[in-house]
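> Have a look at this one.
The values are calculated or read from the model by the stated rules, or taken from the named source; none is laboratory data. Quick caveat, the model's predicted, so the values are computed rather than measured. Here the Cβ positions follow ideal geometry from the backbone for every residue, glycine too, while neighbour counts run over all protein chains shown. These area figures cover heavy atoms from the full protein model, side chains too; ligands, DNA and RNA do not enter into them. Shrake-Rupley method; radii C 1.70, N 1.55, O 1.52, S 1.80 Å.
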Amino acid sequence: MDYSAINSTNIKNLSISELSGYSEYLRERIIAVTTKNGGHLASNLGAVELTVALHYVMNMPHDKVVWDVGHQTYAHKFISGRGEAMESLRTDGGASGFPSVRESEYDPFVTGHSGTSLSMAMGLSRARDMLGGTENIVAVIGDGAFTSGEIYEALNDLGDRPTRLVIILNDNKMSISRNVGAMSKYFNKLRVNKKFIDIKTDIKRDIAGLPFVGRPLLRLATSAKNKFKSSVMGNKFFERFGLKYYGPYDGHDIGDMVSALSLAKESNGPAIIHLLTKKGKGMAEAELHPDAYHGISPQGGDKHLSMSKVAGDTLCELAKDQNVAVITAAMTDGLCFGDFAKRYPSKFFDVAIAEQHAVSLSAGLARMGVKPFFGVYSTFLQRGFDQVLHDVCLNELPVTFLIDRAGAVGADGVTHQGIFDLSYLSLIPNLTIASPKDGRELAALIKFAAKLDKPMAIRYAKSYRQEISVCDEIHLGEWEVLRDEGSAVTVLAVGKTNEIAKEIKGANIINARFIKPLDSQLLDLLSGTVITLEDNVLHGGFGEAVKNYLSGKNKVVCIGHKNEFCDTRSTQKMFEQSGLTVANVQKIVDTELLLLENTKNI
């Protein structure tokens with residue numbers, strides 16, 4: 001059968017066995033495009049059958065599906081007519097790695113963070129009720145997202161004012177790393193014993209093999225079983241929120257899912273379908289090591305040095321003789337904290353997808369004299385802004401935020417850009433902010449933070465090209481002069497942009513390792529033109545702070561990203577668009593030197 005012509009409309013003409021064949025076809029295409037372009041592999045392989053069943057039962061795009069996080073939507077994109085764009089997945093001009101309203105009417109939202117889907121789906125459902133619509137609304141939520149506080153805020157509201165919608169709990173025991181916490185243990189109690197699933201599968205195969213009556217009998221038995229499980233077994237936890245519970249089911253059995261979805265679709269109120277899926281399904285390596293195959297790099301990969309590994313190694317070194325604690329929100333492996341977790345389990349806290357809790361937990365640890373380091377991607381720290389401001393900085397507690405993936409992130413695109421943290425963190429009193437130029441300086445800043453009795457944020461990119469200089473002793477608010485040429489033009493570079501600055505000729509080069517506080521003593525000595533470089537939006541960023549401090553004493557040229565959402569999927573291209581290139585900075589330096597020379601000669 002030619003599965004390449006299948007889409008969300010004609011998929012309804014397929015038989016159950018043909019849907020299974022189509023699922024395998026989609027799985028092969030997902031493996032092919034992620035091998036070529038990189039992307040989220042394991043999560044997408046595990047969600048193929050549930051996606052096929054959704055398109056089979058629902059009438060999309062009239063019916064709306066909200067995907068929590070959205071990194072499991074590759075099969076959905078193929079079915080919804082984006083096959084050609086998927087061949088250029090995560091590249092400019094190709095499909096985004098996440099849902100995108102700019103791509104297709106099949107995506108009601110741009111999503112990229114966990115725990116938000118139920119609230120948005122409830123908004124769609126209540127709007128439908130107000131407007132007299134007929135849409136079916138579905139929220140697809142991974143079990144890892146059930147550690148997010150927003151899910152429970154939504155469930156609490158849903159229990160008070162029910163609305164007709166379907167929640168699919170995609171239970172694969174994983175976030176990025178293995179799930180942790182009480183909810184994970186609770187879901188484990190609900191899961192069907194694997195031995196029972198194997199026996200059930202054998203029985204179903206035998207029934208289906210009966211001539212003439214096999215298939216109808218199987219459908220009848222499945223429907224009866226689903227109704228029995230829903231009405232008799234139930235689930236007290238979800239039922240207390242007014243949800244009708246269906247499950248748990250084998251999430252890779254198309255027949256089971258079609259039957260369960262059809263039942264839930266007929267429900268007058270909110271319903272939840274609990275599916276057991278295997279992350280990495282259909283690819284042996286990904287099934288065995290789903291954390292390693294959560295996100296893969298394109299062929300060739302990133303050959304740069306890892307800032308994350310430097311952070312993890314340095315924390316291990318500190319923990320030998322200091323009372324430090326390391327906190328993460330389900331990002332143990334991405335932040336290279338795995339070694340620390342194994343060596344110092346009593347000092348390591350993975351709180352699952354709960355960034356707000358992680359920040360406030362860190363505040364409590366700090367109050368009792370422990371030195372906490374909360375590691376978090378820049379895009380996810382946004383979720384804990386209030387706790388950073390109120391619980392840590394207002395209380396002046398010595399929590400250190402290790403902000404990984406800061407700046408332009410490349411292929412993950414608009415939902416994961418780390419280009420806002422300097423701006424919103426700079427607003428917060430009592431917070432010291434630093435950014436290292438290379439790995440050696442990151443290690444030195446972490447050790448400096450361990451001794452600093454104040455809140456501190458250290459932001460850094462995923463990787464760096466090389467060590468730029470031997471790191472001198474770190475002093476609060478003091479910058480590093482990398483090159484003093486006695487020039488009338490000075491370049492102030494923050495973090496990763498030092499890789500650009502070191503190539504510039506004819507200018508003084510300063511590594512502005514502290515964004516807050518500024519090195520006022522050094523700034524007061526500067527004459528002529530000052531050029532600032534930052535991997536952050538200009539509005540509220542480092543350059544604006546320098547310009548405000550100098551207050552017209554010097555001409556200040558600020559180079560950074562525009563204050564807008566950017567979906568450019570290449571870090572290099574994004575730097576080019578923002579003028580963060582050696583050629584552009586050199587051109588500005590040469591122009592300024594010429595202007596200053598001409599002014600002198602007048």
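> Looking at the stretch 563-583, which of the residues that are charged (D, E, K, R) and assigned to a loop (DSSP other than H, G, I, E, B) is surrounded by the most Cβ atoms within 10 Å (Cβ to Cβ)? It would help to see each step written out before you state the result.
Step one: filter the stretch 563-583 for residues charged (D, E, K, R), giving 564, 567, 569, 573, 576.
If we keep only those that are assigned to a loop (DSSP other than H, G, I, E, B) as well, we get 564, 567, 569.
On the way: GLU564: 10, ASP567: 16, ARG569: 24.
Out of the qualifying residues, it is ARG569.
> Now for a different question. Is the stretch 42-59 home to any residue that is modelled with pLDDT of 95 or more, out of contact with any Leu (no Cβ under 8 Å at 6 or more places or on another chain) and among the aromatic types (Phe, Trp, Tyr)?
No - not one qualifying residue is present in the stretch 42-59.
> Filter the stretch 308-335 down to the residues that are outside any loop (DSSP other than H, G, I, E, B), of a type in the set (A, V, I, L, M, F, W, C) and either touching a strand residue (DSSP E or B) at 6+ places or on another chain (Cβ under 6 Å) or at positive phi (or both) and list them by number.
Filtering the stretch 308-335 down to residues outside any loop (DSSP other than H, G, I, E, B) leaves 308-319, 324-328.
Okay, now just the ones that are also of a type in the set (A, V, I, L, M, F, W, C), so 310-311, 315-316, 318-319, 324-327.
Scanning the stretch 308-335 gives ALA311, LEU315, LEU318, VAL324, ALA325, VAL326, ILE327.
Yes or no, residue by residue, for (1) at pLDDT 90 or above; (2) closer than 27 Å to PHE337 by Cα; (3) not basic (Lys, Arg):
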{"residue": "GLU153", "(1), (2), (3)": "yes, no, yes"}
{"residue": "ASP160", "(1), (2), (3)": "yes, no, yes"}
{"residue": "ASN170", "(1), (2), (3)": "yes, yes, yes"}
{"residue": "VAL180", "(1), (2), (3)": "no, yes, yes"}
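> Against the definition (among the polar types (S, T, N, Q) and farther than 19 Å from VAL585 by Cβ), how does GLN466 come out, yes or no?
no
> Something else about it: Can you go through MET307, MET331 and tell me which one is at pLDDT 95 or above, under 22 Å from the mean Cα position of the chain (by Cα) and buried (at least 19 other Cβ atoms within 10 Å of the Cβ)?
MET307
> Which of the residues spanning the stretch 446-472 are within 20 Å of ALA493 (Cα to Cα) and either of a type in the set (Lys, Arg) or in contact with a Phe, Trp or Tyr (Cβ under 9 Å, 6 or more places away or on another chain) (or both)? Steps first, please.
Step one: list which residues in the stretch 446-472 are within 20 Å of ALA493 (Cα to Cα), which gives 446, 456-472.
ILE446, MET456, ALA457, ILE458, ARG459, LYS462, ARG465, listed by residue number.
> I've got another one for you. Can you tell me which residue within the stretch 546-557, out of those that are of a type in the set (S, T, N, Q) and not in a helix (DSSP H, G or I), is nearest to ASN508 (Cα to Cα)?
First pass over the stretch 546-557, keeping only residues of a type in the set (S, T, N, Q): 548, 551, 554.
Then keep just the ones that are not in a helix (DSSP H, G or I); that gives 551, 554.
On the way: SER551: 21, ASN554: 15 Å.
In this case the residue turns out to be ASN554.
> Could you grab me the full set of residues in the stretch 379-409 that are open to solvent by 10 Å² or more (accessible area, probe 1.4 Å) and of a type in the set (Asp, Glu)?
Listed by number, the residues that qualify are ASP386, ASP391, GLU396.
> In the stretch 61-78, which residues are closer than 23 Å to ASP253 by Cβ, in contact (Cβ under 8 Å) with a residue 40 or more places away in the chain and buried (at least 24 other Cβ atoms within 10 Å of the Cβ)?
Result: VAL65, TRP67, ASP68, GLN72, TYR74, ALA75, PHE78.
> Going residue by residue through the stretch 37-44, is there one that turns out to be in contact (Cβ under 8 Å) with a residue 12 or more places away in the chain and either β-branched (Val, Ile, Thr) or within 18 Å of ALA260 (Cα to Cα) (or both)?
There is no residue in the stretch 37-44 that is in contact (Cβ under 8 Å) with a residue 12 or more places away in the chain and either β-branched (Val, Ile, Thr) or within 18 Å of ALA260 (Cα to Cα) (or both).
> Quick one: GLY579 ticks every box in (1) in contact (Cβ under 8 Å) with a residue 40 or more places away in the chain; (2) under 27 Å from the mean Cα position of the chain (by Cα) except a single one, so which number is it?
Of (1) in contact (Cβ under 8 Å) with a residue 40 or more places away in the chain; (2) under 27 Å from the mean Cα position of the chain (by Cα), only one is false for GLY579: (1).
> Could you list, in sequence order, the residues of the stretch 1-45 that are among the hydrophobic types (A, V, I, L, M, F, W, C) and open to solvent by less than 50 Å² (accessible area, probe 1.4 Å)?
Passing the criteria: ILE6, ILE11, LEU14, LEU19, LEU26, ILE30, ILE31, VAL33, LEU41, ALA42, LEU45.
> Does LEU442 satisfy the criteria of being closer than 12 Å to ALA311 by Cα and in contact with a strand residue (DSSP E or B) (Cβ under 8 Å, 6 or more places away or on another chain)?
On the way: closer than 12 Å to ALA311 by Cα: yes; in contact with a strand residue (DSSP E or B) (Cβ under 8 Å, 6 or more places away or on another chain): yes.
Criteria met by LEU442.
> Next question, about the same structure. Can you list residue pairs whose Cβ atoms sit under 9 Å apart, with the first residue in the stretch 427-454 being farther than 21 Å from ASN536 by Cβ and the second being crowded, with 16+ Cβ neighbours inside 10 Å and among the polar types (S, T, N, Q)? Count only pairs 6 or more apart in sequence or on different chains.
So the pair list comes out as ALA443/THR314; ALA444/THR314; LYS447/THR314; ALA450/THR400; LEU452/THR400; LEU452/THR432; LYS454/THR432.
> Within the stretch 549-556, does at least one residue satisfy the condition of being of a type outside the set (Phe, Trp, Tyr), open to solvent by less than 80 Å² (accessible area, probe 1.4 Å) and under 20 Å from GLY495 (Cβ atoms)?
Of the residues in the stretch 549-556, the ones of a type outside the set (Phe, Trp, Tyr) are 550-556.
Remaining after also requiring open to solvent by less than 80 Å² (accessible area, probe 1.4 Å): 550, 552, 554, 556.
Next, from what is left, pick out any that are under 20 Å from GLY495 (Cβ atoms): 556.
Within the stretch 549-556, one or more residues are of a type outside the set (Phe, Trp, Tyr), open to solvent by less than 80 Å² (accessible area, probe 1.4 Å) and under 20 Å from GLY495 (Cβ atoms).
> List every residue pair whose Cβ atoms lie under 7 Å apart, where the two residues are 6 or more positions apart in sequence or sit on different chains, the first residue falls within the stretch 586-602 and is closer than 17 Å to GLU485 by Cα, and the second residue, located anywhere, is open to solvent by 80 Å² or more (accessible area, probe 1.4 Å) and not small (Gly, Ala, Ser).
Final answer for the pair search is GLN586/LYS505.
> Here is a further query. Take the stretch 129-142 and flag every residue that is under 17 Å from MET58 (Cβ atoms) and open to solvent by 10 Å² or more (accessible area, probe 1.4 Å).
Result: GLY133, THR134, GLU135, ASN136.
> Sort out for me the helices (runs of 4 or more DSSP H) sitting completely within the stretch 1-75 that have 2 or more residues that are within 25 Å of MET120 (Cα to Cα).
Result: 42-46, 48-57.
> When you check ASP412 against the structure, is it open to solvent by 10 Å² or more (accessible area, probe 1.4 Å), touching a Lys or Arg at 6+ places or on another chain (Cβ under 8 Å) and of a type in the set (Asp, Glu), yes or no?
Yes: the conditions hold for ASP412.
> Does the stretch 584-602 hold any residues that are loosely packed, with under 11 Cβ neighbours inside 10 Å and part of a helix (DSSP H, G or I), and which are they?
LEU594, GLU597, ASN598, THR599, LYS600, ASN601
> Here is a follow-up. Would you pick out the residues in the stretch 60-87 that are under 23 Å from the mean Cα position of the chain (by Cα) and on the phi > 0 side of the Ramachandran plot?
VAL69, GLY70
> What is the one condition in (1) in contact (Cβ under 8 Å) with a residue 24 or more places away in the chain; (2) open to solvent by 60 Å² or more (accessible area, probe 1.4 Å); (3) over 30 Å from SER426 (Cβ atoms) that ASP313 does not satisfy?
Result: ASP313 fails condition (3) only.
> Might you let me know whether the stretch 160-167 holds any residue that is open to solvent by 20 Å² or more (accessible area, probe 1.4 Å) and touching an Asp or Glu at 6+ places or on another chain (Cβ under 9 Å)?
yes
> Another question about this same structure. Applying the selection to the stretch 247-283, what residues are open to solvent by 10 Å² or more (accessible area, probe 1.4 Å) and hydroxyl-bearing (Ser, Thr, Tyr)?
SER259, SER262, SER267, THR277
> If the requirement is being within 30 Å of THR111 (Cα to Cα) and either assigned to a helix (DSSP H, G or I) or at pLDDT 95 or above (or both), which of these qualifies: GLY560, GLY543?
So the residue among GLY560, GLY543 that is within 30 Å of THR111 (Cα to Cα) and either assigned to a helix (DSSP H, G or I) or at pLDDT 95 or above (or both) is GLY560.
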